[in-house]
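Asker: Here it is, the structure in full.
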Amino acid sequence: MDILLTTALAEGEAAEAAPSWFETAFSDFADLTVWGWVVLAALLVGGVALYMALKGKSGKPTWTTQKLALGAVCIALSSVLSMIKVWEMPQGGSITAASMLPIIIFAYAYGAGPGLTLGAVYGVLQFILKPYFYSLPQFLLDYPVAFGCLGLAGFFSKSKNTRLGLTLGAVAAAAGRLIAAVASGVLFFAEYAPEGMSPLAYSLGYNASYMVPECIICVALAVAVGPRLMKELRKIK
């Protein structure tokens with residue numbers, strides 16, 4: 001009886017000590033350094049302020065000042081959303097609160113060129129906020145290349161059906177990021193594959209397990225809010 005009581009008490013204490021889903025989902029905010037908060041705040045506040053100050057002006061270059069300001073806002077929003085995790089994988093990767101969506105919408109509004117560039121910059125910022133460095137090729141593949149692929153959504157920007165275009169764009173963006181993540185897993189982290197299982201199959205299964213749900217979330221939100229946002233964003237040249 002004493003053993004059963006002791007076991008029950010131990011299990012109760014362990015349950016109380018275990019973090020809640022809310023604590024786990026927002027844990028990255030607690031880990032963010034002061035400089036991380038400064039960078040995000042500068043991007044968000046500075047971008048909004050710059051956009052409002054120059055809202056009435058026009059320009060012909062690919063990167064107008066207004067687009068730069070909006071790009072900064074999108075990077076900041078994606079960075080904040082990336083720290084809200086619905087589910088986190090044990091060896092990297094997570095299902096987030098649609099963190100890819102701001103970059104996808106920017107790419108869809110302004111084309112693949114600006115989208116790929118913004119995605120790559122966002123990837124570098126992701127490394128700065130939560131770095132994982134194995135080698136230079138791994139860094140390039142996991143950060144600027146993988147997140148730069150979010151700009152692939154821009155190739156569908158000419159679609160006459162905005163909802164369909166955003167859906168295809170989000171799928172292409174997620175697929176590009178997935179391919180980069182799978183390649184990184186095969187090239188640099190093959191030792192994590194279970195014995196007897198090919199690194200390619202393991203990396204594909206592992207990365208798809210969080211990327212597919214992430215893509216579904218982004219598609220659902222893009223279809224819901226994207227068309228209205230496109231009307232506003234495309235007014236900015």
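Asker: Note down all Cβ pairs under 6 Å where the first residue falls in region 130-151 and is hydrophobic (A, V, I, L, M, F, W, C), the second is open to solvent by 40 Å² or more (accessible area, probe 1.4 Å), and they're at least six residues apart or on different chains.
Answerer: Listed by first residue and then by second, the contacts come to Phe139/Phe133.
Asker: Somewhere in region 220-232, is a residue out of contact with any Lys or Arg (no Cβ under 9 Å at 6 or more places or on another chain), surrounded by 22 or more Cβ atoms within 10 Å (Cβ to Cβ) and part of a helix (DSSP H, G or I)?
Answerer: No, region 220-232 has no match at all.
Asker: Next question. Report every pair of residues separated by at least 6 positions or lying on different chains whose Cβ atoms are under 7 Å apart, first residue within region 191-203 and within 20 Å of Ala180 (Cα to Cα), second in a loop (DSSP other than H, G, I, E, B) and open to solvent by less than 90 Å² (accessible area, probe 1.4 Å).
Answerer: Pro199/Ala193; Tyr202/Ala193; Tyr202/Pro194
Asker: Residue pairs, Cβ under 6 Å, 6 or more apart or interchain, first in region 55-75 and over 12 Å from Leu233 (Cβ atoms) and open to solvent by 30 Å² or more (accessible area, probe 1.4 Å), second at pLDDT 50 or above and outside any helix (DSSP H, G or I). List them.
Answerer: Ser58/Lys237
Asker: All but one of (1) assigned to a helix (DSSP H, G or I); (2) of a type outside the set (D, E, K, R); (3) more than 20 Å from Gly113 (Cα to Cα) hold for Tyr143; state the number of the condition that does not hold.
Answerer: It fails just one condition, (3).
Asker: Only one of Ala98, Ala109 is over 18 Å from Ile217 (Cβ atoms) and open to solvent by less than 30 Å² (accessible area, probe 1.4 Å); which?
Answerer: Step by step, each of Ala98, Ala109 is checked, and only Ala109 is over 18 Å from Ile217 (Cβ atoms) and open to solvent by less than 30 Å² (accessible area, probe 1.4 Å).
Asker: Ala190: closer than 16 Å to Gly123 by Cα and touching a helix residue (DSSP H, G or I) at 6+ places or on another chain (Cβ under 7 Å), yes or no?
Answerer: Here the answer is no, as Ala190 does not meet what is asked.
Asker: From the set of residues in region 196-219 that are part of a helix (DSSP H, G or I) and hydroxyl-bearing (Ser, Thr, Tyr), which is surrounded by the fewest Cβ atoms within 10 Å (Cβ to Cβ)?
Answerer: It comes out as Ser209.
Asker: Which of the residues that make up region 156-179 are open to solvent by less than 20 Å² (accessible area, probe 1.4 Å) and out of contact with any Gly (no Cβ under 6 Å at 6 or more places or on another chain)?
Answerer: Of everything in region 156-179, those that are open to solvent by less than 20 Å² (accessible area, probe 1.4 Å) and out of contact with any Gly (no Cβ under 6 Å at 6 or more places or on another chain) turn out to be Gly165, Gly169, Ala170, Ala173, Ala174, Gly176.
Asker: Which residues, taken from region 130-152, are within 22 Å of Gln91 (Cβ to Cβ) and open to solvent by 40 Å² or more (accessible area, probe 1.4 Å)?
Answerer: Lys130, Pro131, Tyr132, Phe133, Tyr134, Leu136, Pro137, Leu140, Val145
Asker: Go through the residues of region 180-188 one by one and say whether even a single one is more than 16 Å from the chain's Cα centre (by Cα), farther than 24 Å from Ala72 by Cβ, open to solvent by 10 Å² or more (accessible area, probe 1.4 Å) and in contact (Cβ under 8 Å) with a residue 60 or more places away in the chain.
Answerer: No: region 180-188 contains no residue that is more than 16 Å from the chain's Cα centre (by Cα), farther than 24 Å from Ala72 by Cβ, open to solvent by 10 Å² or more (accessible area, probe 1.4 Å) and in contact (Cβ under 8 Å) with a residue 60 or more places away in the chain.
Asker: Kindly check whether there is at least one residue in region 183-204 that is under 22 Å from Ala112 (Cβ atoms) and hydrophobic (A, V, I, L, M, F, W, C).
Answerer: For region 183-204, residues under 22 Å from Ala112 (Cβ atoms) and hydrophobic (A, V, I, L, M, F, W, C): present.
Asker: Further, regarding this structure: Which of (1) closer than 24 Å to Glu232 by Cα; (2) among the aromatic types (Phe, Trp, Tyr); (3) surrounded by fewer than 23 Cβ atoms within 10 Å (Cβ to Cβ) is the odd one out, the single condition Tyr122 does not satisfy?
Answerer: (3)
Asker: Of the conditions (1) of a type outside the set (Phe, Trp, Tyr); (2) over 16 Å from Met89 (Cβ atoms); (3) buried (at least 16 other Cβ atoms within 10 Å of the Cβ), Ala193 fails just one. Which one is it?
Answerer: The failed condition is (2).
Asker: Need the failing condition index for Asn161 against (1) over 22 Å from Thr96 (Cβ atoms); (2) touching a helix residue (DSSP H, G or I) at 6+ places or on another chain (Cβ under 8 Å); (3) of a type in the set (S, T, N, Q), just the number.
Answerer: (2)
The values are calculated or read from the model by the stated rules, or taken from the named source; none is laboratory data. Remember, it's a predicted structure, so these values are computed and weren't measured experimentally. Reconstructed Cβ throughout: ideal geometry from the backbone, glycine too, with neighbour counts over all protein chains shown. The area values use the complete protein model at the heavy-atom level, side chains included, leaving out ligands, DNA and RNA. Shrake-Rupley method; radii C 1.70, N 1.55, O 1.52, S 1.80 Å.
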